[in-house]
Amino acid sequence: MKGLRYILTGLVFGVIMVKSEAVSWYRIQEMFRFQSFHMYGIIGTAVFLGIVAVFFIKKLGLKDTEGQPITIPNKEQGWRRYLIGGSIFGLGWALTGACPGPMFVNIGYGYWSMIIVVTGALLGTYLYGVFQKKLPH
Amino acid sequence: MLELIKQPWPWYTSGMAIAAIMITLLLFGKTFGFSSNLRTICTIMGAGKTVEFFDFDWRTKRWNLLFLSGSLLGGFLASSLLKNDEPLQLSTATIQDLKGLGIIFDGKLNPAQIFGWESGTSFKNAILLLAGGILIGFGTRYAGGCTSGHAISGLSNLQIPSLVAVIGFFIGGLLMTHLLLPLIF
């Protein structure tokens with residue numbers, strides 16, 4: 001059962017999201033009001049350690065569990081899609097207090113109304129697919 | 001040990017744990033990014049028949065759907081075996097600000113006023129949650145990633161586009177928090 005490791009990693013991720021309170025609508029409000037260091041501390045620590053880890057993974061040419069060299073795809077160049085798309089996501093993030101991961105974690109936690117948010121997110125993703133070629137990227 | 005896990009974690013523990021998730025997935029040969037699951041689910045539901053964007057072999061993203069299932073289980077575990085009954089330690093300034101909007105802090109993770117299910121979600125709340133979801137789905141796919149794909153994976157890989165995306169997250173978030181929420185609530 002090779003897929004089990006992904007389920008387990010996801011399970012740990014879900015617990016982290018709750019215990020860090022990153023799934024909390026209140027914490028996201030606090031973040032966007034700059035009234036606590038909490039969320040900035042979490043993201044800052046993760047990014048700092050991530051930068052160090054990715055640096056060493058590249059430097060040492062580490063291989064993954066399949067024996068393949070670890071490569072991290074670069075993002076496409078440009079700025080429009082990132083700035084516009086990012087801002088649209090930010091509006092939804094501050095309204096629902098959930099990013100894509102936490103909305104599922106919240107359902108697992110028992111916040112059933114997050115199913116409405118997930119339904120909307122699927123609809124929004126579908127709409128992007130429909131209009132993709134008409135949008136500036 | 002269990003008691004230690006049950007308590008809310010300090011920011012540095014949480015940050016280290018999130019970095020560990022990203023690194024674990026890299027070691028498995030995968031890249032941490034949650035929102036692409038939304039595209040995969042659209043494909044499984046048949047969106048690929050009419051829209052080219054969804055026409056891909058979803059099995060290549062099976063691992064991420066398993067990760068998603070795990071995160072649901074993780075949420076459940078955190079609400080049962082690992083449940084913490086202490087109220088959330090929200091800053092008093094935020095409590096005051098939200099009071100001004102008519103949202104009373106109840107010490108839980110999410111306000112029952114918006115997410116309450118027992119009394120039945122009001123029509124207005126349902127519309128707000130649906131609209132918020134649409135913005136999240138559309139925006140993350142347009143930007144090519146969310147908090148995990150851009151803020152964590154992208155910034156760790158020193159990607160300028162990810163930095164632009166994160167700036168966008170904040171433009172939208174600040175606009176909603178300071179200009180739109182007072183109009184909505």
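The values are calculated or read from the model by the stated rules, or taken from the named source; none is laboratory data. If you're wondering where the values come from, they're calculated on a predicted model, not measured in any experiment. Heads up, the Cβs are rebuilt from the backbone with ideal geometry, glycines too, and the neighbour counts pull from every protein chain shown. Note: areas computed on protein heavy atoms with side chains; ligands, DNA, RNA excluded. Shrake-Rupley method; radii C 1.70, N 1.55, O 1.52, S 1.80 Å.
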Listed by first then second residue, the pairs whose first member lies in the stretch B:106-123 and is modelled with pLDDT under 90, whose partner is surrounded by fewer than 18 Cβ atoms within 10 Å (Cβ to Cβ) and among the aromatic types (F, W, Y), with beta carbons under 8 Å and at least 6 positions apart or on separate chains, are B:W117/A:W112
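What number of residues in the stretch B:31-44 are outside any helix (DSSP H, G or I) and within 8 Å of chain A (Cβ to nearest Cβ)?
Quick first cut of the stretch B:31-44, residues outside any helix (DSSP H, G or I) only: B:31-35.
Still in the list and also within 8 Å of chain A (Cβ to nearest Cβ): B:31, B:34-35.
Final tally of qualifying residues: 3.
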If we keep only residues of the stretch B:145-184 that are part of a helix (DSSP H, G or I), more than 7 Å from chain A (Cβ to nearest Cβ) and in contact (Cβ under 8 Å) with a residue 40 or more places away in the chain, then the residue nearest to B:G100 (Cα to Cα) is B:P182
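Of A:T65, A:T119, A:T125, A:T96, which residue is closer than 30 Å to B:P8 by Cβ, facing chain B (nearest Cβ under 7 Å) and without any contact (Cβ under 8 Å) to a residue 12 or more places away in the chain? Give the steps one after another, and end with the answer.
On the way: A:T65 fails: closer than 30 Å to B:P8 by Cβ; A:T125 fails: closer than 30 Å to B:P8 by Cβ; A:T96 fails: without any contact (Cβ under 8 Å) to a residue 12 or more places away in the chain.
Testing whether each residue is closer than 30 Å to B:P8 by Cβ, facing chain B (nearest Cβ under 7 Å) and without any contact (Cβ under 8 Å) to a residue 12 or more places away in the chain leaves just A:T119.
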Picked from the stretch A:26-45 (must be of a type outside the set (V, I, T) and within 15 Å of the chain's Cα centre (by Cα)), the residue nearest to B:S80 (Cα to Cα) is A:M39
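Collect the residues in the stretch A:45-67 that are in contact with a helix residue (DSSP H, G or I) (Cβ under 7 Å, 6 or more places away or on another chain) and outside any loop (DSSP other than H, G, I, E, B), keeping them in residue-number order. Walk me through how you get there before you give the answer.
Quick first cut of the stretch A:45-67, residues in contact with a helix residue (DSSP H, G or I) (Cβ under 7 Å, 6 or more places away or on another chain) only: A:45-47, A:49-51, A:53-54, A:57, A:64-65.
Once the filter is applied, which keeps residues that are in contact with a helix residue (DSSP H, G or I) (Cβ under 7 Å, 6 or more places away or on another chain) and outside any loop (DSSP other than H, G, I, E, B), the stretch A:45-67 yields A:T45, A:A46, A:V47, A:L49, A:G50, A:I51, A:A53, A:V54, A:I57.
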For helices (runs of 4 or more DSSP H) lying entirely in the stretch A:68-137, having 3 or more residues that are aromatic (F, W, Y) picks out A:80-96, A:114-131
Hey, does the stretch B:128-144 have a residue that's open to solvent by 10 Å² or more (accessible area, probe 1.4 Å), facing chain A (nearest Cβ under 7 Å) and under 15 Å from B:G33 (Cα atoms)?
yes
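Each row is one residue, and each column tells you yes or no for (1) open to solvent by less than 50 Å² (accessible area, probe 1.4 Å); (2) farther than 24 Å from B:A17 by Cα; (3) small (G, A, S).
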{"position": "A:F37", "(1), (2), (3)": "no, no, no"}
{"position": "A:L49", "(1), (2), (3)": "no, no, no"}
{"position": "A:L62", "(1), (2), (3)": "no, no, no"}
{"position": "A:Q77", "(1), (2), (3)": "no, yes, no"}
{"position": "A:G108", "(1), (2), (3)": "yes, no, yes"}
{"position": "A:I115", "(1), (2), (3)": "no, yes, no"}
{"position": "A:T119", "(1), (2), (3)": "no, yes, no"}
{"position": "A:L135", "(1), (2), (3)": "yes, yes, no"}
